[in-house]
Amino acid sequence: MDRCVVLVDAGYLLGAAASLLAGEPARSRITVDHAALIQGLRERAEADTQQPLLRIYWFDGAPDRVPQPEHRRLRVMPRVTVRLGALTRSDGRWAQKGVDAAMHAELTELARNRACSDVVLVTGDGDLLPGLMSAKEHGVAVHLWAVQAADGDYNQSEDLVAEADERRVLDRAWITQAVRARDLTGICAPAPAPRPEIAAILSAPLPESALAASAERAAEAQAAAVRNGTAPPETAGENGTSVPAPSGAKGVPTPKDLASLRGPGSAPAAPAPASAATLRWSSDKGWVERPGAALGESPETASLPTLAQLTSAEQRWADREEDITTVGGDPYEVGQVFARRWMERLPEPSHVQKLSTMYPRIPHRIDGELLRYAARFGLLAHKDDQIDEHDRYAIRAGFWREIDVRAAAERQPAGE
């Protein structure tokens, strides 16, 4: 067959590009426009081989072979097939397993079946030498491409270079058409400030009832300490009298402490206003009673439908297509996408008003569904099967931001 195939070792291509542009092979140091990169590979391959492209095979590693967001985007591009090996951590370093074997198997199978006349290899690993030699014996022309080395030396196996029929170097000018070095401020620089919506949730004060509950638990611990003879010493008051040390966590006094400091006969403290009864983020342990509400979800919010209940089979298929092709996997973006779908499919607009009474808490069933949806985008990777705490803040902040924007748009009269 007079056509060409490109086999790309993504670990080599992107690692060498990172070394060239950022000074170290960590792929976290670069940003990649995958669509531009694939288009560049296709055009270069067809120009070098003078043959039309059959397919680009993209070989990469992933934890437990679970596709990451970039793999999801790549595998739906025309003429691109993604093959994943395992990504394992050893001695503090990540290493690919099974990628070379998969490339070798694909190369020999293509040559044996005469599926192409030319093969372009973008790799530097000498383990592919037997496969390269086998492809040549089946009459396939092998083109070996290298990424320009940062130090000007070889970054490929010399045996591989010697055996290839044609050799090319992807230089800095070609690489920078699709790859850029990240603008990092240095490891000692402060982390960038979070989005305002995330900062608002992070800084939201806990309700008075939450502080009281925390203080009550601390009081129980204090009582146990007294029984065990390990209670903290008393502190001196303003008049030199002995005042028990506050038993609340981190110096937060319990209601009993406050009553003793106010003195006998004093009125109890006024409850916190409803506007102050906000929550940092949703969780079973962090959820506390609002004034006038029973502990747990109210009947109104418990009746809110989940996205799964609102989604038909056809919509579910369309959602998966959108997830694969357009949703990048940023935690904030994931929360926005989920909220947009949920609001668009609600049968009654009043459900949004019910939800808004619980801000910033998301009802438990919807919150769990939201986090399970976020897990599809690789947000569990390298985090011991737990979504990072800041990512949870970002997911929920994105959810609330989309709810707020769309609710405001619906309230605005037509024509304004």
The residue that is surrounded by the fewest Cβ atoms within 10 Å (Cβ to Cβ), considering only those in segment 88-111 that are touching a Gly at 6+ places or on another chain (Cβ under 6 Å) and not in a helix (DSSP H, G or I), is 97
Among (1) part of a loop (DSSP other than H, G, I, E, B); (2) of a type in the set (Phe, Trp, Tyr); (3) within 19 Å of the chain's Cα centre (by Cα); (4) modelled with pLDDT of 50 or more, residue 359 falls short only on (3)
Those residues of segment 1-26 which are surrounded by fewer than 17 Cβ atoms within 10 Å (Cβ to Cβ) and either more than 30 Å from the chain's Cα centre (by Cα) or part of a helix (DSSP H, G or I) (or both) amount to 1, 2, 3
By residue number, the members of segment 112-155 that are in contact with a His (Cβ under 8 Å, 6 or more places away or on another chain), crowded, with 18+ Cβ neighbours inside 10 Å and not small (Gly, Ala, Ser) are 118, 119, 120, 121, 128
Picking from 76, 66, the residue that is over 19 Å from the mean Cα position of the chain (by Cα) and surrounded by fewer than 20 Cβ atoms within 10 Å (Cβ to Cβ) would be 76
Within segment 9-19, the count of residues that are under 12 Å from residue 145 (Cα atoms) and in contact with a helix residue (DSSP H, G or I) (Cβ under 7 Å, 6 or more places away or on another chain) comes to 1
With criteria (1) farther than 17 Å from residue 123 by Cβ; (2) assigned to a helix (DSSP H, G or I), residue 51 comes up short on (2)
- Among the residues of segment 41-58, is there at least one that is farther than 28 Å from residue 118 by Cβ and buried (at least 17 other Cβ atoms within 10 Å of the Cβ)? no
Of the candidates 152, 124, the one satisfying the condition of being more than 35 Å from the chain's Cα centre (by Cα), under 21 Å from residue 23 (Cα atoms) and not β-branched (Val, Ile, Thr) is 152
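The values are calculated or read from the model by the stated rules, or taken from the named source; none is laboratory data. Keep in mind the model is a prediction, meaning the values are calculated, not measured. Using ideal geometry, Cβ is built from the backbone for each residue, glycine included, and neighbour counts are taken over all protein chains shown.
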